[in-house]
Amino acid sequence: MAYEILLIGLDQVGASIGMALNDAEGDVDLVGYDPDRHLSKRAEKAGAVDRLVSHPRKAIASADLVIFSLPIDEVEVYLEHLGEKIKDGAVILDTAQIKVPFFKWAEEYLPEGRSYIGATPIVGPSSLTGGEAISDEPSADLYADGLLAIIAPPNASESAMAVAINLASILKAAPFFIDLHEHDAALTSTEELSALLSAALLQTAAHSTSWKELQRVAGRNFAQATSLCSAIPLNVFEKRVILNRQKSLDKLDQFIEELQDLRQVLAEEDGQSLSDYLKEADHSRRSWIRAREQSDWGSEDLRPAERIKSPGVLTRFLGVRRKKPGEGN
């Protein structure tokens, strides 16, 4: 009998996961749903799903694995109304960039016997430094050479752990475990804060008395630096920040403190302090890119996950692996 996977949310993340699963070996039935009809049809055309349903309630009771790839504020509604219908032994996996709300809702709405786990896919290093325009199209190899952050609750089941670790293998990504609150704090620093600073930079210019002139002379650097404030749909980003309000405030406070330090450095007349500051920033960025390219984290407190190699466990809890180049259908 086929292992049934229900993908709720077929954005770039969800559809890319579906495409990778579809490229894998094993008897898997991929069922998809997205409230956006355009995303549903795109995913179906790309081969991310075997079939679509008009609502997840039509497939939730038979799914062995449910993967959420929705804006985090939308997940609660589905867990609240469909949680009781999820079959005993099923695993629920969420891919949203903040996990604390999902863990809270899973504890509240999922009956006993259902397992849940968080997994955040992270793109490979080529996506960080490539000069090409960023695409929102799904791809089976979107996370190849990337990472999969696994956030497990204290009572995580063997099946949930196996699903997350083997999903990383299917995505061609390296799995690692991270604490729930550390994960959300880290993603707040790199995602939420980046977009908030982009908005603040734009507003600083827009509120200037010379805004008219600034619009004429602003070039690529300004356009790129301010692009993040409109990269995510505003209603989605606003709700995500509100759900993650305290961590966002904490990171803004840290940035304000760093700006004050930078101002003090700039005020020193010899210029050496500014040179040292900029060199340190450049070194930090190069070190980060190198670590991502080489998967060399040194003393970073990341716990590498051992892949589960037992064929029986693979078959039981996910049952698939990515096909090697040249293998037939």
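Would you call Gly118 of a type outside the set (A, V, I, L, M, F, W, C), buried (at least 20 other Cβ atoms within 10 Å of the Cβ), touching a strand residue (DSSP E or B) at 6+ places or on another chain (Cβ under 8 Å) and farther than 15 Å from Asp94 by Cα? No. Of all residue pairs spaced 6 or more apart or on separate chains, none has beta-carbon atoms under 7 Å together with a first member in the stretch 156-168 that is assigned by TED's automatic domain parsing to the domain that holds Ala106 and at positive phi and a second member that is modelled with pLDDT under 95 and surrounded by fewer than 20 Cβ atoms within 10 Å (Cβ to Cβ).
Of all residues in the stretch 48-80, those being in contact (Cβ under 8 Å) with a residue 24 or more places away in the chain, surrounded by fewer than 19 Cβ atoms within 10 Å (Cβ to Cβ) and polar (S, T, N, Q) number 1.
Determine, yes or no, whether Ala173 is surrounded by 19 or more Cβ atoms within 10 Å (Cβ to Cβ), in the same structural domain as Leu39 (by TED's automatic domain parsing), closer than 22 Å to Gln294 by Cα and of a type in the set (Gly, Ala, Ser). It is true that Ala173 is surrounded by 19 or more Cβ atoms within 10 Å (Cβ to Cβ), in the same structural domain as Leu39 (by TED's automatic domain parsing), closer than 22 Å to Gln294 by Cα and of a type in the set (Gly, Ala, Ser). Taking residues in the stretch 261-290 that are in contact (Cβ under 8 Å) with a residue 40 or more places away in the chain and within 27 Å of Leu128 (Cβ to Cβ), and partners anywhere that are loosely packed, with under 10 Cβ neighbours inside 10 Å and not small (Gly, Ala, Ser), the pairs with Cβ atoms closer than 7 Å and at least 6 places apart or on different chains are Ile289/Thr129. For the stretch 94-185, the helices (runs of 4 or more DSSP H) that sit wholly inside it and include 2 or more residues that are at pLDDT 95 or above are 100-109, 158-171.
The values are calculated or read from the model by the stated rules, or taken from the named source; none is laboratory data. Since we're looking at a predicted model, the values are computed, not measured. Counting neighbours? That spans all protein chains shown, and the Cβs are built from the backbone with ideal geometry, glycine included.
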